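Enquirer: What follows is a single structure, and I will ask about it in a moment.
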Amino acid sequence: MAQTAQGAVAGMSVGANDIAGHEFLAFKLGQEEYGIDILKVQEIRGYEAVTRIANAPEFIKGVINLRGIIIPVVDMRIKFNLGTPVYDQFTVVIILNISGRVIGMVVDSVSDVTTLSPEQVKPAPEMGTAFNTDYLIGLGTIDERMLILVDIDKLMSSSEMGLIERLAA
């Protein structure tokens, strides 16, 4: 069975060996649970008011001052068209450090950090998801839970998100 899982994972852009032993931060967007590489996470903060920037796309909530560094904040719920976002006590901003760029990402909540073995990672299906499947590493299964594993580097550096760098400059 392990060979089957590894073979299935080998067809993905990221190999099983790349994923094995990695820790993923689990967070919720709408009803779905996602996972990103914990090494990309700088910190997790409660949601606070942002300073809007004129003519910015709707999914870019604005900027915040993080200890003297102005960083853009992206609301992934708006980006993925997951309905009207609610900002409550569970809403958090995951501060990411991607290739030296610091970016805030608003999500509904964070739950835990988990380590996935190669057997727990399945390839992403070729069907519609909330976003382009190029950003998917695969699906992590932990008992009854399913984590949609996202390559946050690819997602945040995509041409659509490329606006972030210009706004932060």
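Enquirer: When you count, for each residue, the other Cβ atoms within 10 Å and take the mean per peptide, how do 33-41, 94-102 rank with the highest first?
Expert: 33-41, 94-102
Enquirer: Starting from the Cα of THR51, move 7 Å in the Cα-to-Cβ direction to define the label point; list residues of the stretch 62-94 whose amide nitrogen is under 16 Å from there.
Expert: 62-74
Enquirer: Next up: Expressed as a whole percentage, what fraction of the accessible surface of the stretch 51-93 belongs to carbon and sulfur atoms when a 1.4 Å probe is rolled over the protein heavy atoms?
Expert: The C+S portion of the solvent-accessible surface of the stretch 51-93 is 54 percent.
The values are calculated or read from the model by the stated rules, or taken from the named source; none is laboratory data. Not measured: the values here are computed from a predicted model. Virtual Cβ from ideal backbone geometry, glycine too; neighbours counted across all protein chains shown. What goes into the accessible areas is simple: the full protein's heavy atoms, side chains included, and nothing from ligands, DNA or RNA. Shrake-Rupley method; radii C 1.70, N 1.55, O 1.52, S 1.80 Å.
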